[in-house]
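Notes to accompany the following structure.
All of the numbers you see were taken from the coordinates with simple rules; none came from a lab. Keep in mind that this is a model prediction, so the values were computed, not measured. Using ideal geometry, Cβ is built from the backbone for each residue, glycine included, and neighbour counts are taken over all protein chains shown.
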Amino acid sequence: MDFKQIQELIRLINKSNIGELTIEEKGFKVTIKQKQDNIQQVMAAPVYAPSAPAPVAAPATAPAAPAAEGEKPKTAEPAASNLITIKSPMIGTFYRRPSPDKPLFAEVGDEIVPGKVVCIIEAMKLFNEIESEVKGKIVKILAEDASPVEYDQPLFLVEPA
């Protein structure tokens, strides 16, 4: 089961009256629980077998129109409508570096490409690398290092390249 399928399951559970769903496949288990107070918060925690850890890619929001090739980047912050948001694919703790003594994965102004790790989210003692799915430049970091994040919470704003 890939990450896109898990996201779709979360959306379906969120819209339904199902309280909990557990799926197990070949050393992979995912449990999706919906809170009973109907706040529409969903708890999802993928559990990977030790022999098959898999990084999780962050979803991108609606595609933005590409910039014209002849334009130069402006010094002011770009219009919000042109930006792509990298969101948290799960509930957990957001980290900007692999360990306290290592450099940051990404900073404001850094160029990113699809597949580049931009942060880590720890969920249930598992450290999930969040990779960019877009090419561009990070213009704003929306979450504090070592802070809790919710599912679908915006983490980064990216100006597409």
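With a sphere of radius 15 Å drawn around the Cβ of Phe127, what net charge do the other residues whose Cβ falls strictly inside it have (Lys, Arg +1; Asp, Glu -1)?
0
Step through the table entries Lys87/Lys116; Lys33/Lys116; Lys29/Lys125; Lys4/Lys29, compare each Cα-Cα distance with 19 Å, and write down the pairs that go over it. Provide the component values of the computation, followed by the final result.
On the way: Lys87/Lys116 15 Å; Lys33/Lys116 30 Å; Lys29/Lys125 15 Å; Lys4/Lys29 15 Å.
Checking Cα-Cα distances, Lys33/Lys116 exceed 19 Å.
What's the ranking of 120-133, 138-151 by average number of surrounding C-beta atoms within 10 Å, highest first?
120-133, 138-151
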